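Every read-out reported here was derived from the displayed coordinates using simple, explicitly stated rules and does not represent laboratory data. Quantities reported herein were computed from a predicted structural model and do not represent experimental measurements. Neighbour counts are summed over all protein chains in view; Cβ atoms, including those assigned to glycine, are modelled from backbone coordinates with ideal geometry.
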Amino acid sequence: MTKLIYILDDEKEIRKSLRVVLEDEGYQVEDFANGKSLFKSLVREEPSLLLLDVWVGKEDGLLILDECKKAFPNLPIVMISGHGTIELAVNATKKGAIDFLEKPLSIEKVIQTIENSLAKIQLDTSSPNFQEIEKDIIIGSSKEITRIKQIIEQTSDTKSAVFLFGENGTGKKITAKTIHDKSKRASKPFVEFNCASYPEDQIELELFGKDKINENDGQIGAIERANFGTLFLDEICDLPLSCQLRLQRTIQEGKLERIGGSKESIVLDVRILSATNLNIDDVLAEGKFRRELFYLLNVIPISLPPLRERTEDIGELTNHYLERFAQENGTKSKTLEPEAMDVLTNHFWPGNIRELKNILERLSILVQGDTITAKDVKEALLGFKKANEMVARGDLKHAKEEFERQYIIKTMQVCEGNVTRASKVLGIERTHLYRKLKSLNINVDQMGEASV
């Protein structure tokens with residue numbers, strides 16, 4: 001099958017030269033002079049590789065790289081620069097670029113870089129461990145999880161909106177990704193947008209985008225990036241009411257108007273998945289969420305049970321994560337003695353699967369030998385003793401808060417106080433973590449580097 005290569009460069013002669021060379025090598029080629037035309041084609045067809053200039057006119061190629069990686073995380077991107085520096089190359093690599101080319105371009109170097117990049121991607125994806133390590137899946141055979149899997153299968157080929165309900169750590173994001181992967185949109189973008197991660201004066205811009213008024217203006221929002229694919233609105237109840245009204249109108253009309261709205265509206269074909277950890281009845285009753293919008297988003301409701309209500313799945317989850325951590329760390333997978341499994345099964349798990357995963361990762365690294373004992377598990381759970389005492393008193397609300405507090409503290413300690421690293425480990429935006437640190441009264445300055 002012919003490989004498709006996209007080229008984004010504002011210099012017409014470079015695009016023309018690269019097209020001629022690559023077509024002679026048997027590649028199919030499409031070239032673009034600006035980011036907007038590139039994204040229009042990306043949502044329709046994802047190429048095997050993108051050649052991206054660091055500066056596309058006055059557009060910053062590294063920002064385009066960020067946008068591409070958000071919407072198309074598996075897209076291989078090779079950066080091109082006429083002002084290449086080691087710092088620039090390192091920065092591009094950190095942002096997800098697979099390689100870096102310097103101008104003036106050498107034909108042999110371009111061809112070799114493309115061949116090597118495509119070969120590396122093929123090697124990575126053909127690895128026997130690739131799927132299990134890279135992709136989270138819904139794990140469990142309990143009645144509740146079996147029913148959720150059935151709902152996903154029944155609705156996978158529809159465009160219907162899905163609303164996911166569940167406590168923190170129950171697997172809402174994994175469920176959303178599974179819905180996307182099983183749909184006809186699986187090859188199109190899956191864009192996650194956390195509504196709690198942006199300040200109120202910025203969230204509208206990030207979600208809806210902004211029309212280009214001058215050379216340094218304009219922004220593609222999350223909705224547009226998700227067009228033809230799936231948009232996952234996590235923590236949807238944190239969306240400001242003004243944004244809710246605009247989102248409601250966008251869904252009803254099936255068209256997107258960027259902020260500024262002077263240009264033609266964009267016809268949308270996007271499936272929306274939403275999620276909350278709050279009691280939606282309370283939120284609606286308090287007037288914090290528009291009922292009309294809720295009805296649009298809640299076509300297919302899915303309630304994810306807390307781990308304490310599906311303890312029969314703990315063994316399957318444990319085996320999966322121990323095997324996964326062993327593969328990631330290149331070690332032999334550990335097993336649990338029966339008494340150790342009993343300790344896990346009888347724990348209340350206020351942090352749900354996220355807490356279980358955290359404990360198992362710690363055990364897989366710190367336990368010497370091939371067998372994890374009950375003593376090992378009890379010691380790993382010691383940090384959450386206060387939360388367990390609250391559970392024993394029936395104070396579930398404060399137990400959850402205490403678990404979250406201890407979980408964040410331990411992660412911050414491991415990351416030596418570095419908020420950026422900790423936010424990546426926790427799987428939340430840095431701004432969201434800052435708000436959590438403040439609300440839970442956690443002093444960052446007492447944790448190692450205390451850096452951002």
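Taking every C-alpha pair closer than 8 Å and separated by at least 6 residues, the mean separation divided by the residue count of the chain gives a relative contact order of 12 percent. Among residues other than Q28 with Cβ under 15 Å from its Cβ, the summed charge is -3 (Lys and Arg +1, Asp and Glu -1). Rounded to the nearest 10 degrees, the angle from helix 314-329 to the longest Cα principal axis of the chain is 50 degrees. For segment 150-159, 3J(HN,Hα) computed residue by residue from phi via the Karplus equation (6.51, -1.76, 1.60; θ = phi - 60°) reads 5, 4, 4, 4, 5, 10, 4, 9, 9, 9 Hz, glycine and proline entered as x.
In a DSSP loop and with at most 15 other Cβ atoms within 10 Å, the GluC sites (Glu not before Pro) in segment 257-330 are E264, E286.
For E361, the shell of other residues with beta-carbons less than 10 Å away shows a net charge of +2, using +1 for Lys and Arg and -1 for Asp and Glu.
Considering only the Cα atoms of segment 220-290, their convex hull presents on average a projected area of 5.0 nm².
Separation of segment 354-373 and segment 36-53, taken as the distance between their Cα centroids, equals 42 angstrom. The value given for the chain is a Kirkwood hydrodynamic radius of 24.3 Å, derived from the mean inverse Cα-Cα separation. Restricting segment 274-339 to trypsin sites (Lys or Arg not before Pro) that sit in a DSSP loop and have at most 12 other Cβ atoms within 10 Å of their own Cβ leaves K332. Taking every DSSP beta bridge that has both ends in the chain, the antiparallel portion is near 10%.
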